[in-house]
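Sending over a structure as structure tokens; questions will come in a sec.
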Amino acid sequence: MNYVERVLEELKRKNPNEPEFHQAATEILTGLAPVTARHPEYEKAALLERFVEPERVILFRVPWTDDNGCVHVNKGYRVQFNSAIGPYKGGLRFHPSVNLSIMKFLGLEQILKNSLTGLPIGGGKGGSDFDPKEKSDLEVMRFCQSFMTELYRHIGQDTDVPAGDIGVGGREIGYLFGQYKRIRDEHVGVLTGRGLSYGGSLVRTEATGYGLVYMAEEALACRGDSLAGKTAVISGSGNVAIYACEKAAALGAKVVAMYDSNGYVYDREGIKLDVVKRIKEVERGRIKEYAARVKGTEYHEGCKGIWTIPCDVALPCATQNEIDLESANALIRNGVKLVAEGANMPTTLDGIKAFQSAGVVFLPAKAANAGGVATSALEMAQSSGRMYWRFEEVDAKLKHIMVSIYHNMDNAAKEYGVAGDFVAGANIAGFMKVADAMMAHGIV
Ligand code: NDP
Ligand code: 2IT
């Protein structure tokens, strides 16, 4: 058994019942095997064992009262995974499925993603099993205030800087920031994704979706191709999906389908994004409404069918494991050329293998969706400098970062003899900097 296999086996034994964490660790560590073979000093320093163990996990009670006076209790989490290259950085997810396994998979991914951005940010993730759907603004506010009343003591602009993720957008960040400021009496960049009137950065809202498409365009450009004239399918209809759709359409692609957790809409003429934005961003409604408002479009209950729609480009932008082997095979049969992951770990391990064996250009989440956290780091820089950059400036930096990440992972894959395997390339390129810092810090 080699070093990587031994660490993986131990990890599964020590952390039973954490399937998402096992899945992410398997993908990452398998890709790192050529690195540990070249660097025997890592095994001596138990580097991988330390890398897969969070520095700290905080688990807390979040009590809150609904509009009818009923008391509810949710779980709150913050996984402070790795601070070797900078303060912990990563989003907060509010979704009923949230548990320790999901927090740890997201935190582990975040370490390497943040390293890939080239900016000084460590990896963390947090959230709650609270479901913001169909809650009033006041209920969401009371929940966020209660959540921050515990979280504030663990975070700080130089310690740990949370942001949004599923179920946490501008509204939630506003309530969380308001409570932090009230308790600490400090107006600092302790959260990113803040509103533009109180320290937020231009382009942060659009960043993950735009960044995803910038990387997809670069990958196609390197193959003498482009998004112009391509048909695209995008899953989800939240923050990442909406701005991926906006940029893909701006570059000449036709996005024909999107979904939410109830079902998908198929619009052969191309999704009218203004309608989606109104339904999702303004009304907080369901995607089903789209078919009622735009003539000639179809609505189908359930999510899986979206992957049977013929397309050149697939951008999964909703949640983990939304593309399994069956869906990957359906996409391949229909001629998909490029898959870029906007969501975190949206493709199962066997789905990834299928895409790669079929020669599909597969851009993994930790590289392809890094534009969000990269722009968060740009927000942090603006906060510490007490200044704002123009939209064009931030957008240009974002684009530059996405193109650099693409080439860094491409080069890392080539250097370690796995050319074209961007999954391994992203893991290797992200890991090298973290490994170097951890080695420099001694056994800590
Ligand atoms: P949002 O909450 O804005 O949107 C999430 C979308 O995904 C919604 O359409 C939601 O549908 C759908 N969805 C969520 N869970 C499920 C599920 N179990 N089954 C089917 N559909 C589901 O979140 P974001 O757009 O911010 O995040 C989407 C993905 O992108 C996540 O994987 C996140 O980790 C990742 N990501 C986000 C970044 C960011 O900056 N926001 C940065 C990098 C990655 P419904 O409303 O019905 O629940
Ligand atoms: O998964 C992610 O990278 C995010 N949810 C964004 C994290 C951040 O700190 O901006």
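Read the figures in this text as sums done on the coordinates, not as results from a lab. This is a predicted model, so every value here is computed, not measured. As a convention, Cβ positions derive from the backbone with ideal geometry for all residues, glycine included, and neighbour counts pool all protein chains shown.
Is the stretch 143-155 home to any residue that is of a type outside the set (S, T, N, Q), part of a loop (DSSP other than H, G, I, E, B) and away from ligand 2 (no atom under 11 Å from the Cβ)?
Within the stretch 143-155, one or more residues are of a type outside the set (S, T, N, Q), part of a loop (DSSP other than H, G, I, E, B) and away from ligand 2 (no atom under 11 Å from the Cβ).
Find the helices (runs of 4 or more DSSP H) located wholly in the stretch 24-135 whose residues include 3 or more that are in contact with a helix residue (DSSP H, G or I) (Cβ under 8 Å, 6 or more places away or on another chain) and surrounded by 15 or more Cβ atoms within 10 Å (Cβ to Cβ), and list them.
Correct list: 47-51, 100-116.
Which condition from (1) within 16 Å of ligand 1 (Cβ to nearest atom); (2) more than 16 Å from the chain's Cα centre (by Cα); (3) not hydrophobic (A, V, I, L, M, F, W, C) is the one that residue 209 breaks?
Condition (2) is where residue 209 drops out.
Of all residues being in a loop (DSSP other than H, G, I, E, B) and under 17 Å from the mean Cα position of the chain (by Cα) in the stretch 355-397, which is farthest from ligand 1 (Cβ to nearest atom)? Just the residue, please.
364
I'd like the residue in the stretch 379-432 that is β-branched (Val, Ile, Thr) and under 22 Å from residue 23 (Cβ atoms) and, out of all such residues, is surrounded by the fewest Cβ atoms within 10 Å (Cβ to Cβ).
418
When you go through (1) free of Cβ contacts under 8 Å to residues at least 40 places away in the same chain; (2) in contact with a Cys (Cβ under 6 Å, 6 or more places away or on another chain) one by one for residue 343, which number turns out not to apply?
The failed condition is (1).
Same structure again: Do we have any residue at all in the stretch 7-22 that's outside any helix (DSSP H, G or I), closer than 30 Å to residue 442 by Cβ and more than 25 Å from the chain's Cα centre (by Cα)?
First, the residues of the stretch 7-22 that are outside any helix (DSSP H, G or I): 15-18.
Then keep just the ones that are closer than 30 Å to residue 442 by Cβ; that gives 15, 18.
Restricting the remaining residues to those that are more than 25 Å from the chain's Cα centre (by Cα) gives none.
Checked against the condition, which is being outside any helix (DSSP H, G or I), closer than 30 Å to residue 442 by Cβ and more than 25 Å from the chain's Cα centre (by Cα), the stretch 7-22 yields no hits at all.
From the residues in the stretch 162-189 that are of a type in the set (Val, Ile, Thr) and over 15 Å from residue 147 (Cα atoms), which one is nearest to ligand 1 (Cβ to nearest atom)?
Here the answer is 166.
Which residue pairs have Cβ atoms closer than 7 Å, lie 6 or more positions apart in sequence or on different chains, and pair a first residue in the stretch 162-173 that is under 16 Å from residue 152 (Cβ atoms) with a second residue that is in a helix (DSSP H, G or I) and more than 11 Å from ligand 2 (Cβ to nearest atom)?
172/140; 172/144
Please find, among 401, 352, 332, the residue that is part of a helix (DSSP H, G or I) and within 15 Å of ligand 2 (Cβ to nearest atom). Steps first, answer last, please.
Values: 352 fails: within 15 Å of ligand 2 (Cβ to nearest atom); 332 fails: within 15 Å of ligand 2 (Cβ to nearest atom).
After ruling out the rest, the residue left standing is 401.
Further, regarding this structure: Condition first: away from ligand 2 (no atom under 16 Å from the Cβ), hydroxyl-bearing (Ser, Thr, Tyr) and either in a loop (DSSP other than H, G, I, E, B) or surrounded by 19 or more Cβ atoms within 10 Å (Cβ to Cβ) (or both). Can you find one or more residues in the stretch 305-319 that meet it? Working first, answer last.
Initial filter on the stretch 305-319 (away from ligand 2 (no atom under 16 Å from the Cβ)): 305-314.
Filter once more, keeping what is hydroxyl-bearing (Ser, Thr, Tyr): 308.
Next cut, either in a loop (DSSP other than H, G, I, E, B) or surrounded by 19 or more Cβ atoms within 10 Å (Cβ to Cβ) (or both) only: none.
For the stretch 305-319, residues away from ligand 2 (no atom under 16 Å from the Cβ), hydroxyl-bearing (Ser, Thr, Tyr) and either in a loop (DSSP other than H, G, I, E, B) or surrounded by 19 or more Cβ atoms within 10 Å (Cβ to Cβ) (or both): absent.
Which residues, counting only those in the stretch 234-270, are more than 16 Å from ligand 2 (Cβ to nearest atom), crowded, with 24+ Cβ neighbours inside 10 Å and part of a loop (DSSP other than H, G, I, E, B)?
The answer is 237, 253.
Within the stretch 277-298, how many residues are within 13 Å of residue 261 (Cα to Cα) and aliphatic (A, V, I, L, M)?
Narrowing the stretch 277-298 to residues within 13 Å of residue 261 (Cα to Cα): 280, 285-288.
Cutting the leftovers down to aliphatic (A, V, I, L, M) gives us 287.
Selection size over the stretch 277-298: 1.
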